[in-house]
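**Q** Just passing along the structure, written as structure tokens.
The values are calculated or read from the model by the stated rules, or taken from the named source; none is laboratory data. Keep in mind the model is a prediction, meaning the values are calculated, not measured. Cβ sites come from the backbone with ideal geometry, for glycine too, and all protein chains shown count toward neighbours. Each accessible area value is taken on the protein alone, full model and side chains, heavy atoms only, with ligands, DNA and RNA left out. Shrake-Rupley method; radii C 1.70, N 1.55, O 1.52, S 1.80 Å.
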Amino acid sequence: MTPRRRSERGYTLVELMVVIIVLGLLATGVYVTWEAVVPRTKLNTAVRELAATLQETRSDAISRGVPFTVEYFFEPEGERPRGYRVVTPFRAGGAGGLANSTEARFAKAWKALPDNIEFQSITVNGQLYTKGSCEVRFDARGSASDHTIVLVQQPYRNNIFTIEVQALTGLIQFHPGEFIRDLPEDADFE
């Protein structure tokens, strides 16, 4: 009879190192995936907030029967952040009634774009803006200045989104990437 050997089974140093390396690789993969997802979420949030403001402005213009304006600013200046604001046709200071000049109109608070989100370009009625400021109008019938807003997220230059506001209807459409609508051709009307 052979003596029974008590089996003492444990993990060797090599086995422990392999497990640690595998866990490290998994953690790196999760981190890289998280880094790719979070920025896109931030850009999507900025797009949705801007689109909600545009839709609200259009609704206000229709329900109140007067035109409203949205101003866009590319660079911060003084109290003005890089972002946008809505300018109503009503008098500032709570006086009520319609303003009799552009300067007397009530402007809502600035809405700054989130960190690392920028306007790449804004095209209003065919004119391209890449710096400074520009404005668009929503009228009482629901139509708007024809415009597209291209938002980009730094440093991820491939995180781009376009918001399109159609002139006749004032409807808002979303387009991943940079979108330019093709001009209609004569054949489109046959």
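**Q** Which of V19, V86, V70 moves most in a GNM of the chain, Cα contacts under 10 Å?
**A** Top of the fluctuation ranking is V19.
**Q** For segment 91-190, just say rounded, prolate or oblate: build the C-alpha gyration tensor, square-root its eigenvalues into a ≥ b ≥ c, call rounded for a/c under 1.5, and beyond that prolate if a/b exceeds b/c, oblate if not.
**A** Taking the square roots of the gyration eigenvalues as a ≥ b ≥ c, segment 91-190 is oblate.
**Q** Given R₀ = 35 Å, what would the calculated FRET efficiency be for D115 paired with S59, taking r from the Cβ atoms and rounding to 0.05?
**A** Computed FRET efficiency for D115 and S59 comes out at 0.75.
**Q** Please work out how much accessible surface K111 shows to a 1.4 Å probe, ignoring ligands, DNA and RNA, in Å² rounded to 10.
**A** The accessible area comes out at roughly 90 Å².
**Q** Right, something else. Mind checking which of A51, A99, A107 has the largest fluctuation in a GNM of the chain, springs on alpha carbons under 10 Å?
**A** Maximum among the listed residues: A99.
**Q** Gain in length, F174 to M17, computed as 0.36 nm per residue apart minus the alpha-carbon separation, to one decimal in nm?
**A** Fully extending the segment from F174 to M17 adds 51.6 nm.
**Q** Give the carbon-plus-sulfur fraction of the accessible surface of segment 98-183 in %, rounded to a whole number; probe 1.4 Å, heavy atoms of protein chains only.
**A** Answer for segment 98-183 is 51 percent, counting heavy atoms of protein chains only.
**Q** Leaving ligands, DNA and RNA out of it, work out the accessible area of R82 with a 1.4 Å probe and give it in Å² to the nearest 10.
**A** For R82, solvent-accessible area is about 60 Å².
**Q** Let me ask another. Determine how large the accessible area of S143 is when every protein chain is in place; take a 1.4 Å probe and give Å² rounded to the nearest 10.
**A** Accessible area of S143: about 20 Å².
**Q** Return the calculated 222 nm mean residue ellipticity for the chain, to the nearest 500 deg cm²/dmol, obtained by summing -39500 (n - 2.57) across DSSP H runs with n ≥ 4 and dividing by the residue count.
**A** Result for the chain, helices only: -10500 deg cm²/dmol.
**Q** Can you check what the Kirkwood hydrodynamic radius comes to for segment 88-137, Cα pairs only, in Å to one decimal?
**A** Here the Kirkwood hydrodynamic radius works out to 13.4 Å.
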